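See structure below.
The values are calculated or read from the model by the stated rules, or taken from the named source; none is laboratory data. As the structure is a computational prediction, the values presented were derived from the model and not from experiment. Here the Cβ positions follow ideal geometry from the backbone for every residue, glycine too, while neighbour counts run over all protein chains shown.
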Amino acid sequence: MKSNENSVSVVVRRRIHPELVEAYEEWLAGVIEAAEAFEGHQGAQVLRPPNPATQDYVLLFRYATPEQLAAWQESATARDWLKRGEAFTGATCKSRRSPDSSSGFRSRPEPVTARQRSTKW
């Protein structure tokens with residue numbers, strides 16, 4: 001799906017306990033797959049830290065409209081996945097929602113494929 005001027009992204013940063021990185025990677029694959037089922041989903045991107053013990057994972061979701069992003073964020077599915085994600089962090093997760101033009105992500109991220117999801121970096 002082509003990005004448009006109304007598309008919006010949410011950026012989520014989490015510091016993961018080092019002993020939980022493998023389980024967190026599995027959680028990432030699941031939450032991305034769940035988000036893909038919602039109308040307007042345009043992709044997800046994961047920025048993995050070189051050292052998870054001292055740096056954050058960054059997860060970016062992009063939707064075609066603010067309303068479609070809100071439908072995902074306010075869904076029982078998203079709440080369930082976020083609740084499960086709390087088990088991996090020692091601190092509160094940080095998120096930021098913004099129109100793509102102001103998000104700092106100037107180009108559309110490449111979708112995460114099933115093959116990429118299972119890759120351990």
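Checking ALA34 against (1) within 15 Å of LEU82 (Cβ to Cβ); (2) free of Cβ contacts under 8 Å to residues at least 24 places away in the same chain: exactly one of these is not met. Which one?
The one condition ALA34 does not meet is (2).
Quick one: which residue in ALA53, ALA44, ALA29 is touching a helix residue (DSSP H, G or I) at 6+ places or on another chain (Cβ under 8 Å), in a helix (DSSP H, G or I) and under 24 Å from ARG15 (Cβ atoms)?
After ruling out the rest, the residue left standing is ALA29.
More than 17 Å from LEU69 (Cβ to Cβ), among the charged types (D, E, K, R) and out of contact with any Gly (no Cβ under 8 Å at 6 or more places or on another chain), is that true of GLU25?
Considered against the rule, which asks whether it is more than 17 Å from LEU69 (Cβ to Cβ), among the charged types (D, E, K, R) and out of contact with any Gly (no Cβ under 8 Å at 6 or more places or on another chain), GLU25 comes out as yes.
Quick check on this structure: which one of PHE61, PHE88 is modelled with pLDDT under 90 and crowded, with 18+ Cβ neighbours inside 10 Å?
Numbers: PHE61 fails: modelled with pLDDT under 90.
Just one listed residue meets the conditions, PHE88.
How about the stretch 1-38: which of its residues are of a type in the set (Ser, Thr, Tyr) and either at pLDDT below 90 or surrounded by fewer than 17 Cβ atoms within 10 Å (Cβ to Cβ) (or both)?
SER3, the sole residue that qualifies.
For the stretch 94-111, state whether one or more residues are surrounded by 15 or more Cβ atoms within 10 Å (Cβ to Cβ) and either at pLDDT 95 or above or β-branched (Val, Ile, Thr) (or both).
no
Can you tell me which residue within the stretch 64-85, out of those that are in a helix (DSSP H, G or I) and among the aliphatic types (A, V, I, L, M), is modelled with the lowest pLDDT?
Looking at the filtered set, the residue picked out is LEU82.
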